[in-house]
């Protein structure tokens, strides 16, 4: 590598940089000449100073002023000429790579005491004051950092040449004209052992560090000078609006977006959509736009940016200096007495819009005002609107969502024909991060808190994972707002605060695995067995899958876990699903249960995934509660086309609903149950066939009868055959069920004593391999619960009593 | 070497930047007062405010609309005239200030040396 800083273009700047101390003299001369001028002026006016002395003061003034101005000019010369030599195109095989260094980078390298990565980083800490900004945001104290570097890592640095050549590569990748400090720092983050280590310790990835450096660049970017084109454009124009007509009625019922835009945050993303909107509006015919996108995908920011571009004269000629005005239909409805008056005012507004000649009318939630609904309190302006949309001078941007487009606007083809659709996809995670960083100061100032970078990153990651149904950036902004408002007293917003907000919103325990949760996961099998007897293999498979998902090492594309439970009724298939929902998702209510026998026709698909007539039973629930257990009960009874729908869910982890939206199933556990082939299991138990053979026999049966196809079965993570319950199992189950009654009675202060003969009697009465434990529930209900209820009602059972149940006739025996 | 660089910067690079800023400010003043647009629409209706002549010819209504529309054009022309004059004066002032600044900048080294020597002479 050819690197010689002393022969580089930037060398003279480094040499002359020694004279920066002259800036202190500049300040001194400024003070002297100001004082001299003041004294001279006062003396000259009041005539209390002699002429001789006045001359001398003027002399000092002249000298100090000329010196001040000379130093100022030299400073400008140094900043604009010496520090910025000719820019050469970046090239890895150049004669001298040092020619590509920016002044700041060259200064860091020049002042490093040794040519190693660690000395370079030390020089960054000493000579690049802006670095403080980065490390403060990732909660690192620069003094401690420096101390640790000098103490343990200074002599363990990597090769200097490696750092420089990587910096050059990064600068080329980032399309920089020089090797900036940002490129050097990124290279150090990859190569220097110390910086690499501390970034890992504070959970900041290489990409995060790059995002932070980009942000730093934005924060410390050069200030705009008033004589530059961009700054002057922002002053607008005095007389441009005079060529437009008056809009008195429109002004009364509208919000002028063009007036508001000075308060907006910078526009990030959606450049393609903005270009489309501009192109449509610039046409001579059919120049109305229908912006379609999910609420919260920052559809309005496109309109706001259009207003800004138009104000600054940056659009095409026909769109420049237009007024973008949002019609406030709600205030219009509130301000008029009846539909006739409303129609009259609307006509007036639309006429004014045409006559003014410079208006782009915006209507938010357009679907609310054009659906042909005859519901009280709603209005339909589509007829009036259609008569104006014919005119090319009438320009409109209507904003709607997919539901509104299909449900209301789509039905009115005449209206829809006047618009060209622009679909807005939610912003990417990268754009959302930039937006949050841009709004950071606003939230910090408002709530007087400090938000660390890791918290921002956590918001993006967690909203993406746990709130997949909502679009970026709205969900991220809303979580940031909620976190900052909730924890403003803590002064510093950390990732743990974000996790708590997400947990509150989704009711899912998120964030670092806490001790309690770790214990749950490690003891998952025992926990499930507290509610479920037997079925060891099933429980083991499920527990393994969950441990994998929660520790985030799974690379599975599909849902968290997919299981097919086969076996006769009453063996605990549904109970397993319920206990899993409770343990993993926190509540049995997190189970979406579908009785698949209700979906036996192809026409039932619409009921499942939604259509224009109704929301999807499954898709809506999963969209609203992405962290759920989906139980498909008696799957074999569903129509084969419906079963095929689940192929994609099991494989890819999503399902396209009736509105064309992708519904994410990646955070669900899917359990399908079926008792198809249960006769084989019962027969196998009678004949004591080997269990592995039973599974094969069941599969053969399922495929032969065409109940499930092999490719469907193969897509499940695990197919579990539940064994029928033995008498011993039923004894244990009876104890579980009776314990529930014991607990309930305990709350009333009554002690119920359960003895083995009672349990045996219950099993004797309820044992039936075909119905499993289901019969037992009935026996306990009839014999035990009824007897106890009668005793309580008669007043035989009182607080403090100890009660036994006789096995022969189920009578109560009370010891007071 | 550094002196050569300085001379090059002071008499070529910096005047170029001053001329660029000068051009920006002049463009701004033309845009701010919208001078070309005002000339183009000098006799247009004021704020597009006009009365319809009606579909059928009615002398009374016609003459009323004509006189009101004429008034709208005259008001527009008067306001535009004053703004054009003000805009032209502003542009001229900007032109002169920039010219003076450019001259001062070019003569700055001589002037600074003179000021320094004159100061020494006075004390």
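The values are calculated or read from the model by the stated rules, or taken from the named source; none is laboratory data. As the structure is a computational prediction, the values presented were derived from the model and not from experiment. Every residue, glycine as well, gets a Cβ built from its backbone with ideal geometry; the counts of neighbours run over all protein chains shown.
See the values below:
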{"read-out": "Residue in the stretch A:235-244 that is farthest from the other protein chains (Cβ to nearest Cβ), counting only those that are in a helix (DSSP H, G or I) and closer than 16 Å to residue A:324 by Cβ", "value": "A:241"}
{"read-out": "Verdict on residue A:716 being in the same structural domain as residue A:700 (by TED's automatic domain parsing) and at pLDDT 80 or above", "value": "yes"}
{"read-out": "Elements of type helices (runs of 4 or more DSSP H) contained in the stretch B:1-114, each with 1 or more residues being loosely packed, with under 14 Cβ neighbours inside 10 Å, more than 8 Å from chain A (Cβ to nearest Cβ) and over 26 Å from the mean Cα position of the chain (by Cα)", "value": "B:2-8"}
{"read-out": "Flag if residue A:200 is surrounded by fewer than 14 Cβ atoms within 10 Å (Cβ to Cβ), assigned to a helix (DSSP H, G or I) and within 27 Å of the chain's Cα centre (by Cα)", "value": "yes"}
{"read-out": "Selected residue (criterion: modelled with the lowest pLDDT) from residues of the stretch A:245-261 that are within 14 Å of chain B (Cβ to nearest Cβ) and closer than 13 Å to residue A:324 by Cβ", "value": "A:247"}
{"read-out": "Hits in the stretch A:382-413 (condition: closer than 20 Å to residue A:610 by Cα and in contact with a strand residue (DSSP E or B) (Cβ under 9 Å, 6 or more places away or on another chain))", "value": "A:400, A:401, A:402, A:404, A:405, A:408, A:409"}
{"read-out": "Among the residues listed as A:738, A:702, A:758, the single one being part of a helix (DSSP H, G or I), assigned by TED's automatic domain parsing to the domain that holds residue A:679 and modelled with pLDDT of 80 or more", "value": "A:702"}
{"read-out": "Single residue of the stretch A:611-625 satisfying the filter (modelled with pLDDT of 85 or more and either assigned to a strand (DSSP E or B) or touching a helix residue (DSSP H, G or I) at 6+ places or on another chain (Cβ under 9 Å) (or both)) that is farthest from residue A:544 (Cα to Cα)", "value": "A:616"}
